[in-house]
Amino acid sequence: MTTIQATSTASLSTTSALSESNPTNASTKMEGGKAVFENDNYRITAGDNNEVHIFNKKTGEDYKIWGDPHVNIDGKHEFDFWGTTTFALEDGTKVTIETTPWNGNQNATVASTVNITNGDYGVQIKGVDTNKVGDLKINEAKGWGETLDWTHDDGNVLQENPAGKGFLAVDADGKIQKVDQNYINKTDLQLNAGKPAKPVDQGAQDRAADFVKDLFSMFSGLLSASFTGAFLGALAASSESREPAARDANRFSLTFVRLDF
């Protein structure tokens, strides 16, 4: 059984003291023919060219969604996806990309609508696909972010890795996995439409998802976490250095010092 433990000066159940209305000071505008979302931590742009670009202003990490759709991480192609996919960022911002069949090849999809939410702030960007040119527009949902989130499916949820490069995700067994093409091939809802779904251990999945989302998105200051099992494997595999995992593959204590999230 995989055990995940964490200690902090705050409790996991502690309510965030940040403003519920717009906790990251988000806003969106049209700029240079592109839709530009920006908050304290991220700059997200979407054009009328099948592309969505996510830049983490704190870490410098760069995510580009383009084509049918490919995902580049820091300039390197990492994986493709087909159906609705949500990129859950470290500060709680959710970027949900809805796809549509591409006119050039009905077996391929491209990004079409992007829903971005954080707290009560939300914005919907439509017309990202090139099936029709010139229809890019934004619809801000100030004060209605949670409603925008509730009314649109998340699809396949990928969590930004707070301790390394790329993304992590929670599988049907509640295990935390590094996101790569193999993982997407097994979990993309559109790619696997019509196939028998693996039974989901919902309790374990929810607990692991809440751990990843809340632990790293809500806490500030010094955070100490001890990871064992699958989470250690995911972090070790997605970090630049694998030396800690090589030293102790069975158990490992890892301390993060994060002054701001």
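Bear in mind that the values in this text are calculations on the coordinates, not laboratory data. Computed from a prediction, not measured in an experiment: that's the story for all the values here. Methodologically, a virtual Cβ is constructed for each residue, glycine included, from the backbone with ideal geometry; neighbour enumeration extends over all protein chains shown.
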Requested in this report: Report, to two decimal places, the Cα Rg of the stretch 17-220 normalised by 2.2 N^0.38 Å (N = number of residues).
Outcome: 0.98
Query raised in the report: Mind checking the dipole of the stretch 17-220: about its Cα centre, +1 per Lys or Arg Cβ, -1 per Asp or Glu Cβ, Debye to the nearest 20?
Result: 280 debye
Query raised in the report: So if we plug the beta-carbon distance of Trp144 and Thr59 into 1/(1 + (r/R0)^6) with R0 = 35 Å, what FRET efficiency do we get, rounded to 0.05?
Result: 0.75
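Residue separation times 0.36 nm, minus the C-alpha to C-alpha distance between Ala108 and Asn192: what's the value?
Values: separation 84, 0.36 × 84 = 30.24 nm, distance 1.41 nm.
Extending this stretch completely gives an extra 28.8 nm.
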Query raised in the report: What FRET efficiency do you get for Asn182 and Val133 if R0 is 41 Å and r is their Cβ-Cβ distance, rounded to the nearest 0.05?
Result: 0.75
Report summary line: Over the Cα atoms of the stretch 124-185 the radius of gyration and the largest Cα-Cα distance (Dmax), both in Å, equal 15.9, 44
